[in-house]
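The values are calculated or read from the model by the stated rules, or taken from the named source; none is laboratory data. No experiment lies behind these values; they were computed from the predicted model shown. With ideal geometry, Cβ positions are generated from the backbone for all residues, glycine too; neighbour counts draw on all protein chains shown.
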Amino acid sequence: MNNPDPSATLTFLATLGGAMVLKAMAISPAVDLFNPDWVSLLLIYWCIALPERFGVFTGWLVGLLIDVLAGQLLGQNALIHALICYFCVKEHRRLRQFPLAQQCLFVLFCLLASRSIVFGIESMKATAHHLPPSFWYPVLSGTLLWPAVFLLLRKIRVLARIN
């Protein structure tokens, strides 16, 4: 039986901390409209790269942490991130073979599903009645940033010698 590598967990926690800082960072209102869901992008990468270590439970825990830290409806992000991790782990063999352009389509699907669930929950709470175009900007920016995120996290994983 393999012993889990502690450097993989430390690297994941460090990149998760960086993603949470990027998610919470407010530069200006115009830039905040395009701020992608960095945590989802991070979870997509780690679930594709190391599905035996990071999976649905990891996504659920991270989502629960975001719910508590952001003061959102408890379980909203936990559900979203668990679903994203489920699809990533389920399709990780196929996704590894895809070129980055096709992976971007998968990321688009994941981020679109995530934002749709958020809108559905917000509309049930009666706080959102219509869908402004700016609601979808983080989906587009996250999709366009996926190649850079993928290459950066792969470089970090190679430098940390995580297999």
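Residue by residue through segment 137-163, note down the ones that are among the hydroxyl-bearing types (Ser, Thr, Tyr) and closer than 17 Å to Gln102 by Cβ. Explain how you work it out, then say what you get.
Of all residues in segment 137-163, those among the hydroxyl-bearing types (Ser, Thr, Tyr) come to 137, 141, 143.
Selection gives Thr143 alone.
All but one of (1) aromatic (Phe, Trp, Tyr); (2) touching a Leu at 6+ places or on another chain (Cβ under 6 Å); (3) more than 22 Å from Asn35 (Cβ to Cβ) hold for Tyr137; which doesn't?
Of (1) aromatic (Phe, Trp, Tyr); (2) touching a Leu at 6+ places or on another chain (Cβ under 6 Å); (3) more than 22 Å from Asn35 (Cβ to Cβ), only one is false for Tyr137: (3).
So, in segment 1-47, of the ones that are small (Gly, Ala, Ser) and outside any helix (DSSP H, G or I), which residue ends up farthest from Ser114 (Cα to Cα)?
Going residue by residue through segment 1-47, those that are small (Gly, Ala, Ser) are 7-8, 14, 17-19, 24, 26, 28, 30, 40.
In the following step, the residues that additionally are outside any helix (DSSP H, G or I) were identified as 26, 28.
Details: Ala26: 21, Ser28: 24 Å.
Across segment 1-47, the extreme among qualifying residues is Ser28.
Within segment 89-124, which residues are under 22 Å from Leu79 (Cα atoms) and not in a helix (DSSP H, G or I)?
Glu91 - this is the single residue of segment 89-124 that is under 22 Å from Leu79 (Cα atoms) and not in a helix (DSSP H, G or I).
Out of Asp67, Asp37, I need the residue that is in contact with a Pro (Cβ under 7 Å, 6 or more places away or on another chain), on the phi < 0 side of the Ramachandran plot and among the charged types (D, E, K, R). Which one? Steps first, answer last, please.
Details: Asp67 fails: in contact with a Pro (Cβ under 7 Å, 6 or more places away or on another chain).
Checking each option against the conditions leaves just Asp37.
Search segment 1-42 for residues being within 19 Å of Asn163 (Cβ to Cβ), of a type outside the set (Ser, Thr, Tyr) and surrounded by 12 or more Cβ atoms within 10 Å (Cβ to Cβ), and hand back the single one that is nearest to the chain's Cα centre (by Cα). So that I can check it myself, show each step before the final result.
Taking segment 1-42 and keeping what is within 19 Å of Asn163 (Cβ to Cβ), we get 1-15, 42.
If we keep only those that are of a type outside the set (Ser, Thr, Tyr) as well, we get 1-6, 8, 10, 12-14, 42.
Filter again for surrounded by 12 or more Cβ atoms within 10 Å (Cβ to Cβ), leaving 5, 8, 10, 12, 14, 42.
Numbers: Asp5: 22, Ala8: 18, Leu10: 18, Phe12: 13, Ala14: 15, Leu42: 5 Å.
Applying the filter and picking the extreme gives Leu42.
Please identify the pairs in which a residue from segment 1-27 that is at pLDDT below 90 has its Cβ atom under 7 Å from the Cβ atom of a residue that is of a type outside the set (Phe, Trp, Tyr) and in a helix (DSSP H, G or I), counting only partners at least 6 apart or on another chain.
Lys23/Val39; Ala26/Asp32
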